[in-house]
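Sending over a structure as structure tokens; questions will come in a sec.
No lab work stands behind these numbers, since they all come straight from the coordinates. Remember, predicted model here, so these are calculated numbers, not experimental data. We place every Cβ from the backbone using ideal geometry, glycine too, and count neighbours over all the protein chains shown.
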Amino acid sequence: MCTRVLWPTNGQIVLVGRNMDWRSSLDTNLWSLPRGAERFGAHGRDPNPLRWTARYGSVVATAYDRASTDGVNEAGLGVHLLWLAEADFGERDPALPALAVSLWAQWFLDTVATVAEAVEELSAHPVQVRPQTESHSGSFSTVHLALDDAIGDSAIIEYLDGTPHVHHGREYRVMTNSPPFDEQLAHLRQYEGFGGTAPLPGTTEAADRFVRASYYADRLPPAASTEAGYAALLSVMRNAAQPFGTPDPERPNISMTIWRTLTDLSNRVYAFESTFHPNIVWTRLDELDFTRTSRLDLSVDGLVGDVTNHYQPSAPIEFAYP
């Protein structure tokens, strides 16, 4: 489930699109999270929880208001959690600070401004991401993470056999789900336009969505305007979307698209589109008050267009812990 595409347009703005595919609603809302927030990466009973203070304000799309699944910070760093069935975070090593998967994206949004900073931080100060069971569906949180920034840099981070694997470079613009990223790149090379001869695939499998998203993103025409760039990338994201229908419980990475985001990393605009409603809403981070926590209830009828002024003051998120 899920697709992420990074597109630097024609060198003027950097955009990233993300589809969230899941078997049912995640009761997603948008949150504006402040600078200065004190966070703990694990439950108090963990012997070595990661602790940090937020340097940057951010806007995030949550799952059940308990986990950050997608978002952007005021410096123009985007972070996106996607499903990866093969993810393996290993047994708990108390020598490493623990970071709940519900806060994995938030840690980067809170603390770094660029992808290069994130990769350097992870290398200099290793952490151990701790998975957890998603309480509503009972699914274990096997995920990987994509980062992107306002200069078009990108990184994919996957935990396999308990070890983080980092793919860092501007060429890593597309991400879906299984198989792991190395295998996705090898699979891509079988197709026309990427070194092979096979025709463009059309199934809903994650590997085929990876190929199609790569193919169409590579062929987007230069954007004549910011708005044209938004529309162009949305056309690719909708091509990679999953229609409504009953998901196969044996194949959880094949589920319907329930929402998508489009982030203008250059101008700090975060757009959200629910597939259950006909309207797109967007937030301008430069106009938010990042001295307090606020929340946008996406279940409110009639939300459309610029919703920056619709966020309401809120108590802090109560992040879920394993």
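Mind jotting down the three principal axis lengths of the range 174-268 based on Cα atoms? Whole angstrom, largest first.
Principal-axis extents of the Cα atoms in the range 174-268, largest first: 41, 34, 21 Å.
May I ask you to list the residues of the range 299-322 whose amide nitrogen lies under 15 Å from a point 7 Å from Cα along the Cα→beta-carbon direction of ASP286?
308
Can you give the charge dipole size of the range 1-71 about its Cα centre, rounded to the nearest 20 debye, using +1 on the beta carbon of Lys and Arg and -1 on the beta carbon of Asp and Glu? Could you put the intermediate results ahead of the total?
Numbers: 9 positive and 6 negative charges, 40 e Å.
Value, rounded to 20: 200 debye.
Separate question: Quick one: putting +1 on the C-beta of Lys and Arg, -1 on the C-beta of Asp and Glu, what dipole do you get for the chain around its Cα centre, in Debye to the nearest 20? Don't skip to the answer; put the middle values down first.
Working: 24 positive and 40 negative charges, 56 e Å.
Dipole size: approximately 260 debye.
For the peptides 11-17, 71-77, what is the packing order when you average, over each peptide's residues, the other Cβ atoms within 10 Å and list the highest mean first? Spell out each step's value before the answer.
Working: 11-17: 21.1, 71-77: 24.3.
Top to bottom by mean Cβ count within 10 Å: 71-77, 11-17.
Based on the Cβ-Cβ distance from ASN48 to GLU86, what FRET efficiency comes out when R0 is 25 Å, to the nearest 0.05? Let's see the in-between values first.
Values: r = 26 Å, r/R0 = 1.05.
Approximately 0.45, to the nearest 0.05.
Order the peptides 94-103, 299-308 from the highest to the lowest mean number of other Cβ atoms within 10 Å of their residues.
Details: 94-103: 20.1, 299-308: 12.5.
Result, highest mean first: 94-103, 299-308.
Moving to a separate point now. Using helices alone, what [θ] at 222 nm do you get for the chain, with -39,500 (n - 2.57) per DSSP H run of 4 or more residues, divided over all residues and rounded to the nearest 500? Before the final figure, lay out the partial values.
Working: 5 runs with 53 residues, N = 322.
One gets -5000 deg cm²/dmol as the mean residue ellipticity at 222 nm.
Can you check what the net charge comes to around PRO199, using other residues whose Cβ is under 14 Å from the Cβ of PRO199 (Lys, Arg +1; Asp, Glu -1)?
Counting the neighbours of PRO199, the net charge comes to -1.
When the label point is put 7 Å from the Cα of TYR64 along its Cα-to-beta-carbon vector, which residues of the range 1-26 have a backbone N closer than 16 Å?
The answer is 22-26, whose backbone nitrogens lie closer than 16 Å to the label point.
Name the residue from VAL59, TRP22, GLN184 whose Cα lies farthest towards the positive end of the charge dipole of the range 3-313, charges +1 on Cβ of Lys and Arg and -1 on Cβ of Asp and Glu.
So the residue furthest toward the plus end is VAL59.
Now for a different question. When only Cα pairs under 8 Å and 6 or more residues apart are kept, what is the percent relative contact order across the chain? Walk me through the numbers before you get to the answer.
Values: 777 pairs, mean separation 82.3, N = 322.
Value for the chain: 26 percent.
Give, in nm to one decimal, the length gained when the segment between ASP93 and ASP161 is fully stretched (0.36 nm per residue of separation minus the Cα-Cα distance).
Numbers: separation 68, 0.36 × 68 = 24.48 nm, distance 1.33 nm.
Length gained between ASP93 and ASP161: 23.1 nm.
Let me ask something else about it. Using Cα centres only, tell me the gap between the range 21-50 and the range 114-128 in whole Å.
19
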